[in-house]
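Accompanying notes for the structure given below.
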Amino acid sequence: MKASFRTAAEDKEQPMRTQESPDPAAGVRSAAGALVKLAMLDSAELAKSCSNAVELLSKIADAIGSQKADAPTRLFRLGDLSDLERKLIADVIGEGEVAGVVALPDGSLAQVQEAVLAGLWRVRINTDSLHEYLEVGAIPEIIKRAAADLTTADIEIGQPPEGAMNVLPLLAEIREHARAWRPGNHSQIINFTLLPISPVDMNFLHETIRNGPIQLVAQGYGTCRVLATGIRNVWSVQFFNATDTMILDTLEVGGVPAAAVAANEDFEDSADRLTEIIEAYFK
């Protein structure tokens, strides 16, 4: 695959027109950084004036502690909080490694940001007004729903251009996997890095699979870009090193790729960390 699918401006069939995939590296804070900022605040006074926020954090800690990766997510609304309470929540949860955008059918855009506490997400939906909530789960439900709402798991394969080499059997393999995959099955991974595939093949594959409504970026030791295609259950997953050189280019057929999803051990660790924060700063 290329470094990314075509931009929305190049693909008028796709709804994502208003914003490119964000660069989370510009705003990522470590857990330590979030706590340093929190330590600079008058936390005792904030606890008194932001009792709703502290209560919400306690509920979130309980929810994370009992959460499992395969369980339904839990939502926590922020609409009743004051601006000061929202700021306190933001300082406590920070910004973690995974961020992205989801184009919704009504033309609005959902912005998703994982907290420094893995398995806790902030979701903002831009419509006539700003809707924002926190969600505990492996991946926000809005991402799973957008992926499931893609109209087809089939691939219409047209006539390849002159110079194409291996794209037809490759597309046939992808189509077979996409048709056969069901929730609970293992994902099927096709590694383009190891395949003899020409630029003509890749361009035709792009045109056939198209862009989807989800763009995610996971930052860790390097960068992983997870992009939904226009085919249900088919994802582009690309890994880059610290110099932004692609080191692995794959197509994954299955649920939301594991590179962007919180695991059971993440919930246990995040619950412990959030409980420690609450006890240290607000008790």
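Annotations for the structure displayed:
- Charges were assigned to the Cβ only: +1 to each Lys and Arg, -1 to each Asp and Glu. The resulting dipole of segment 147-260 about its Cα centre is roughly 320 debye.
- Here the contact order of segment 104-219, divided by its residue count and restricted to Cα pairs under 8 Å and six or more residues apart, works out to 21 percent.
- Residue exposure sequence - 270, 49, 66 - by fewest surrounding Cβ within 10 Å: 66, 49, 270
- Amide H contacts under 5 Å for residue 248, placed H, 5+ residues apart: 239
- Counting neighbouring beta carbons within 10 Å and listing from fewest to most, the residues 131, 206 come out as 131, 206.
- Exposure proxy order (Cβ contacts within 10 Å, fewest to most) of 165, 246: 165, 246
- Kirkwood-type hydrodynamic radius, segment 108-191: 16.2 Å, calculated from all non-identical alpha-carbon pairs.
- Here's the picture: charge each Lys and Arg Cβ at +1 and each Asp and Glu Cβ at -1 in segment 147-260, and of 197, 224, 246 the one pushed furthest to the positive end of that dipole is 224.
- Proportion of all alpha-carbon pairs of segment 147-260 beyond 20 Å (%): 40
- The Kirkwood radius of segment 154-204, taken over pairs of alpha-carbon atoms, gives through the Stokes-Einstein law at 10 °C and 1.306 mPa s a diffusion coefficient of 131 µm² s⁻¹.
None of the figures in this text is laboratory data; all of them are computed from the coordinates on show. Computed from a predicted structure; not experimentally measured. Cβ: placed from backbone, ideal geometry, glycine included. Neighbour counts: every protein chain shown.
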